[in-house]
Each structure stands twice: as C-alpha cells, then as structure tokens.
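Asks: This is the structure I have questions about; it appears just below.
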Amino acid sequence: MQLCQRVGDNALSAEMLAGVSHQAAHAHDGAVSVGLARAARDTAAGTGFAALESETAVMEAHGLALVRDKRGSMWRSGPLRTRSAERTR
C-alpha cells in the first residue's frame with residue numbers, strides 16, 4: 001500500500017483497500033468493511049475507472065448490509081451503478 005501511495009497509483013491503492021474491505025466483510029466485521037470501502041471510494045475518485053468506483057460502492061453496500069443499514073446499502077449501490085453505465089455508452 002505504501003509503495004502504491006509513494007508512486008501515486010491511486011487505482012491500485014483503491015483496489016487494495018476494496019480487497020481488504022471484502023476480507024473484513026467475510027470476517028463479519030461490517031464497520032471495518034464500511035470504513036475501508038469508503039477509503040477505497042475516496043481513493044478511486046478521479047482515477048477514471050468506472051469499474052473501480054462501482055467495485056468500491058459494492059464493497060460499501062456489502063459492509064452496510066452487515067451492519068443492517070438497509071437504506072444505506074440500497075442507496076450506495078444505486079448512484080454509481082447508474083454513473084458507470086452512462087460512462088460505457
């Protein structure tokens with residue numbers, strides 16, 4: 001992670017954070033999963049990779065579902081999915 005940050009590879013940093021968020025979700029630690037997913041989302045912003053932004057939204061939605069935030073998990077997965085579809089047109 002530090003190497004990615006040193007060379008300014010935000011896309012890889014975001015991918016790594018999303019992966020660790022996914023692992024936290026598998027460990028049933030929703031709060032950690034959400035925090036990591038949000039860090040991944042913030043890091044992915046501006047990279048130009050719509051798929052990466054969508055992935056971070058899915059990780060956040062997964063973590064929110066684990067902490068039983070139904071409304072947050074539904075909202076989180078909607079807007080970025082729409083934006084990603086628009087970018088691929």
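Asks: Look through 51, 39, 31 and report the one residue that is surrounded by 17 or more Cβ atoms within 10 Å (Cβ to Cβ) and outside any loop (DSSP other than H, G, I, E, B). Reasoning before the result, please.
Replies: Details: 51 fails: surrounded by 17 or more Cβ atoms within 10 Å (Cβ to Cβ); 31 fails: surrounded by 17 or more Cβ atoms within 10 Å (Cβ to Cβ).
Result: 39 is the single residue among 51, 39, 31 that is surrounded by 17 or more Cβ atoms within 10 Å (Cβ to Cβ) and outside any loop (DSSP other than H, G, I, E, B).
Asks: Applying the selection to segment 63-82, what residues are at pLDDT 90 or above and in contact with a Lys or Arg (Cβ under 9 Å, 6 or more places away or on another chain)?
Replies: Those that are at pLDDT 90 or above and in contact with a Lys or Arg (Cβ under 9 Å, 6 or more places away or on another chain): 63, 64.
The values are calculated or read from the model by the stated rules, or taken from the named source; none is laboratory data. Keep in mind that what you see is a predicted model, and the values were worked out from it rather than measured. Neighbour counts run over all protein chains shown; Cβ positions are idealised from the backbone, glycine included.
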